[in-house]
Every structure is written in C-alpha cells, then in structure tokens.
Amino acid sequence: MRRRILVVDDMEFNRDHLRKVLEPGGYDVEAASSGVDALRRMEEQAFHLVITDLRMPDMSGLDLLSQVRTRRYPVGVIVLTAYGDTTDALETMKAGADDFLTKPCNPDHLLFLVKRTMDRRRLIDDLEELRTRLHEDYSFHTIISKSPKMRNIFDLIKHVGPLNSTVLILGETGTGKELVARALHAASSRRDRPFVALNCAVLNDSLLESELFGHERGAFTGAERRKAGRFEAANGGTLLLDEIGDIAPAMQAKLLRVLQTGVFERVGGTESVKVDVRIVAATHKRLEDEVAAGRFRRDLFYRLNVIRVEIPPLRERREDVPLLAMHFLESSSGTRPTAVKEIATEAMQALLEHDWPGNVRELRNAINSAAAFADGSVIRPENLPGSLAPRPSRRPSGSNLIDIDRRLPELTEDLVGQVEKEYFQRLLSEYRGNVARCARHSGLSRRSVTQKLQKYGLERTDFKRANGRVPSAPHEAEA
Ligand SMILES: Nc1ncnc2c1ncn2[C@@H]1O[C@H](COP(=O)(O)OP(=O)(O)OP(=O)(O)O)[C@@H](O)[C@H]1O
C-alpha cells in the first residue's frame, strides 16, 4: 500500500515543490492550503504523515500540530522551519513534532526524514497492534515480540497452556522465562488459582526443602508453627521451579518422587500431603549437558522435559529491540514528571548493535536509566549506560545548552550525516553490496544510492561477503 502524505502550505509553489519530490519517492500526496483545510481533510481520510509549513496566515504549523496531537490522530508530523531559526526548531520538537526540516528542503534529506518518521510511526503502530492482539488472543502478561521464533512460542503457549503437562523452559538469564511461565498459567483452566514461583538457586538444600514442602512445628530450631510450603501454596495452580538446573542430587530425588506420585511429607512430618500442581521448570543451563556430566538425574530430566520451550536470546531476535525499547519507555514514563517519549536514531542504533548478554532485563534497565538521565523528551546516545555508549566522536561537543542551540543546524546536519551513513552501511550489508536492491529497498534511484556511497566513502565491494553485520569503516578498524 502506498503511504499517504498531507502537505500543508499556503504557498502553491511550495506545495508543488514537495509534491514533485515526494511522488517519485513512492508516496501519494495531497495538498492543503491552510491548517483548517488540513484538519478537514484529516477528518475525511487517514494520512500516514503531515508535512506542514510553520508560518501560515490563519493557523500556524504549531497550532495545527497541537490540534493533531489533541485529536490523537495517529500520524507523524514534520514541520518546515526557516533556515537557521533554531528557536522555531526547538519549539516544534517540544510541541510534539516528529521532526523538523529547514527550508529550502534538500530533496534527499526530505525523503530520508519522511522515511525515518514513517518507520518510527510504524513501530508505534506495531506496538499498539501487538498489545491489542495479545490482549485479545491470550489476555495474559504482556510479552512483547514480533520475532517469528517468539511467535512460535506464543502458539505453543496457546496450545499447551490448557494441558496439565509439565513444561521445561530454557533460555539465558533475562529472556523472559518467568513471563512465559505466567503466560502458560494464564492460558490454563488453573488461571484463577495461584501461580507460585521459587528460585531454587538462591537457597541451600535444607532451606529449599522446607520452602518447597513446608515444615511441621518443631522440625528445626525456630520452627514454632507448622508452615505450608510452595507446593501446598500452589495447590490447584502452577508452580514455577526457576533455576532447576542448580538443585543438588538429594533434592532432585525428592522432586522426582513428587512428580511421580503427587505426594510428599513436610519437613519433620510423617503425614503424606497430596497436591494437584502443574509444574513449570526453568533454567539457563543446558540440562542435557548437566545430565551427560552426571550432575542432573536423567529420570528427572525426562519427567520435566515433556514439553520444551526454548526462548532465544535477544541478540538472535534484534527485530524485537525497538519494540521492547519503546514498550519500556512508555511503561516507565508514567512515573516521571516529564515524559521521555522518543529514542534518537543514533541511540536506537546503539541499542540494535549491542549484544545484550543480560537480554530483555538488561534492555529494560538500560531504558529506565537512560530515561532518568535524558535531558528533554528524547533519549540520546550519551544517556545510555556506559556499555552501550557510542564512540566519543559522535557526541555533540559542548554541553552548554545555548551553545548547542546555536549549533543546532550544524549538529543536526552532522547527526543526519552519521545516521545516513549508517543507514547506507546497513543497506549495503543487508544486500551484500547490490546497489539495485539497495535502491529498491530505500525507494531512491540507483544514481542517488551511488552518489550517497561516494559521499560517505563506502565501497560496495567491501560488503559483498558481509552477512547482516556492518563492517567497521577502514579508519575505525585500524584504530
Ligand atoms: N518479551 C518481553 N516483553 C516484555 N517484557 C519482557 C519480555 N521478556 C522479558 N521481559 C521483562 O524482562 C524482565 C526479565 O524477564 P524474566 O524475569 O521473565 O526473565 P527470566 O528469563 O525468567 O530471567 P532469570 O533467568 O534471570 O530469572 C522482566 O521484567 C520481564 O517483564
């Protein structure tokens, strides 16, 4: 589907100019001669983007922007400002514009910003759609993902959730194992009964035993009353045994017995207690290796490994990074006085390139901390934790706000240059140096792509063997 853009300008010449650039770029363009005219058209049909002039006689671009945001039209807005007017540029961003562009517009720059804004908007729409779908389909805890591997897991949850079978969840730390366990519980008929979780790795053997099975009065010093364990607490519901790969052999034997018979005794007691509990076990370890090494009982492994869910690490589903980042940004903004609403392209690039050894938890923490450090409504690369910080040369020098204000056009151009260069590096990498395919993907002509490669000193032959990763620029590799 071609994307629809509404151009708003009181000068016919400017409207025509924008149309001439945007239509060959693959967009459908409608033009309005005033803010009022624009709002009327938006009532009648949906647009993907509005590009508006700032200064217009009846209603200014800022007023139009404020109407668009008040009426909650799901549309990106780019404002055209006069060259060198940094105050206007800042005002428009503060008022909620997605971007601004100084006049006269450079066609390539305009197309680049339009695509970037549309991509960002699409991300927000995807997130909304995912949320609605998750709510409708599963109505369980919010697991944000659009990766095919995770979607297979969603299907699995839907199918095996209602069964009583034991489930083994494998995945690195922070990949969302507990979320999946909760989702399984929510998808079962046990959903109105308790979901109980216990991290088996943090307790020593005897504490773990009494936590799991409870104890009788006087079972050990300090046991003044009978206490039910997690198995009893989870009766009728689901028990998540987290880090199951860390439990000692004696405890493995006791667990096996409960799984076989559904019966156990409290510590210090002789009475048999019978419970109806669905077991979900999780671990970051490769349990087969533990079995092979003699550290984990083979029979217990088979008991647990009835249905198996393997959650991929975040670095193997990088397409989830922007969605998750926006999700955490939105959920963290509720507690802050000034909402941080956006992640600058360069910061998003750093997020996309990081390997995330702590997976989604690390990403959540990074976004929360970056939002706390952000100066305005945008997370910039320098707000990210140290492990993600970009090379110092990318940062705008001069921390003084007035200095930055003065240099905003230059800094913006610089930043756009960096982003554009990275964009073309990624394109080349994705299409292994094939200019025709890069052109098709970006919507630019082959000639424009070739010019960009020359501008940024990119050699397409360097990318012929690249496989999805951006090779370092020659000077960076030497550094
Ligand atoms: N797909 C996801 N969508 C939204 N939030 C997620 C997702 N995956 C993980 N999270 C969040 O990341 C954090 C870590 O998730 P969780 O505790 O489920 O991971 P885990 O694999 O059980 O970690 P560990 O092995 O360290 O116990 C939680 O705050 C969780 O809500």
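The values are calculated or read from the model by the stated rules, or taken from the named source; none is laboratory data. Everything numeric in this text was worked out from a predicted model, so none of it was measured. In this analysis, Cβ positions are derived from the backbone assuming ideal geometry, glycine residues included, and neighbour counts consider all displayed protein chains.
Key figures
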| item | result |
| --- | --- |
| Single residue of region 286-342 satisfying the filter (away from the ligand (no atom under 16 Å from the Cβ) and among the β-branched types (V, I, T)) that is farthest from M93 (Cα to Cα) | V291 |
| Pair list, Cβ under 6 Å, 6 or more apart: region 170-183 residue more than 6 Å from the ligand (Cβ to nearest atom), other residue charged (D, E, K, R) | L170/E310 |
| Considering residues of region 451-461 that are surrounded by fewer than 16 Cβ atoms within 10 Å (Cβ to Cβ) and part of a helix (DSSP H, G or I) only, the residue modelled with the lowest pLDDT | T461 |
| Test: V280 is buried (at least 16 other Cβ atoms within 10 Å of the Cβ), among the hydrophobic types (A, V, I, L, M, F, W, C) and more than 15 Å from the ligand (Cβ to nearest atom) | no |
| Residues that are buried (at least 19 other Cβ atoms within 10 Å of the Cβ) and at pLDDT 95 or above, drawn from region 313-342 | L314 |
| Selection from region 91-130 of residues that are of a type in the set (S, T, N, Q) and crowded, with 17+ Cβ neighbours inside 10 Å | T92, T102, T117 |
| The one condition in (1) modelled with pLDDT of 75 or more; (2) among the acidic types (D, E); (3) farther than 26 Å from T461 by Cα; (4) in a helix (DSSP H, G or I) that E410 fails to fulfil | (1) |
| Among (1) of a type in the set (G, A, S); (2) more than 14 Å from the ligand (Cβ to nearest atom); (3) modelled with pLDDT of 80 or more - the single one S145 does not satisfy | (2) |
| Evaluation of L240 against (1) within 20 Å of L179 (Cα to Cα); (2) part of a helix (DSSP H, G or I) (one fails), failing number | (2) |
| Matching residues, region 67-107, being under 24 Å from the mean Cα position of the chain (by Cα), assigned to a strand (DSSP E or B) and at pLDDT below 85 | none |
| Residue list for region 43-66, restricted to those being hydrophobic (A, V, I, L, M, F, W, C) and in contact with a strand residue (DSSP E or B) (Cβ under 7 Å, 6 or more places away or on another chain) | F47, L49, V50, I51, L54, L64, L65 |
| Flag if A248 is closer than 30 Å to E362 by Cα, more than 16 Å from the ligand (Cβ to nearest atom) and either under 39 Å from the mean Cα position of the chain (by Cα) or among the charged types (D, E, K, R) (or both) | yes |
| Lone qualifier among S139, S165 - being modelled with pLDDT of 80 or more, surrounded by fewer than 17 Cβ atoms within 10 Å (Cβ to Cβ), more than 10 Å from the ligand (Cβ to nearest atom) and not in a helix (DSSP H, G or I) | S165 |
| Residue selected from region 10-29 under the condition within 33 Å of the chain's Cα centre (by Cα) and surrounded by fewer than 16 Cβ atoms within 10 Å (Cβ to Cβ), by the criterion farthest from G443 (Cα to Cα) | D28 |
| Tabulated pairs, region 269-295, first in contact (Cβ under 8 Å) with a residue 24 or more places away in the chain, second in a loop (DSSP other than H, G, I, E, B) and within 16 Å of the ligand (Cβ to nearest atom), C-beta under 8 angstrom, 6+ apart or interchain | A282/G171; A282/E243; T283/E243; H284/G171; H284/E172; H284/T173; H284/E243 |
| Subset tally (residues that are in a loop (DSSP other than H, G, I, E, B) and within 16 Å of the ligand (Cβ to nearest atom)) for region 194-225 | 1 |
| Residue match in region 200-214 (condition: within 23 Å of P357 (Cβ to Cβ) and within 26 Å of the chain's Cα centre (by Cα)) | no |
| Residues (in contact with a helix residue (DSSP H, G or I) (Cβ under 8 Å, 6 or more places away or on another chain) and either buried (at least 17 other Cβ atoms within 10 Å of the Cβ) or not in a helix (DSSP H, G or I) (or both)) located in region 260-277 | V263, F264, E265, R266, V267, V273, V275, V277 |
| Filtered residues of region 268-297 (kept if farther than 24 Å from L184 by Cβ and out of contact with any strand residue (DSSP E or B) (no Cβ under 9 Å at 6 or more places or on another chain)) | T270, D289, A292, A293, G294, R295 |
| Count of residues meeting criterion [under 19 Å from F154 (Cα atoms), surrounded by fewer than 17 Cβ atoms within 10 Å (Cβ to Cβ) and not aliphatic (A, V, I, L, M)] in region 283-312 | 3 |
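Okay, residues lined up against (1) among the hydroxyl-bearing types (S, T, Y); (2) in the same structural domain as E91 (by TED's automatic domain parsing); (3) free of Cβ contacts under 8 Å to residues at least 60 places away in the same chain:
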| site | (1), (2), (3) |
| --- | --- |
| E23 | no, yes, yes |
| A32 | no, yes, yes |
| E43 | no, yes, yes |
| H48 | no, yes, no |
| S66 | yes, yes, yes |
| R69 | no, yes, yes |
| Y73 | yes, yes, yes |
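This table checks each residue for (1) in contact with a helix residue (DSSP H, G or I) (Cβ under 8 Å, 6 or more places away or on another chain); (2) more than 15 Å from the ligand (Cβ to nearest atom); (3) touching a residue at least 60 places away in the same chain (Cβ under 8 Å); (4) under 24 Å from R426 (Cα atoms).
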| residue | (1), (2), (3), (4) |
| --- | --- |
| Q349 | yes, yes, yes, yes |
| I367 | yes, no, no, yes |
| A374 | yes, yes, no, no |
| S377 | yes, yes, yes, no |
| R380 | yes, yes, no, yes |
| L384 | yes, yes, no, yes |
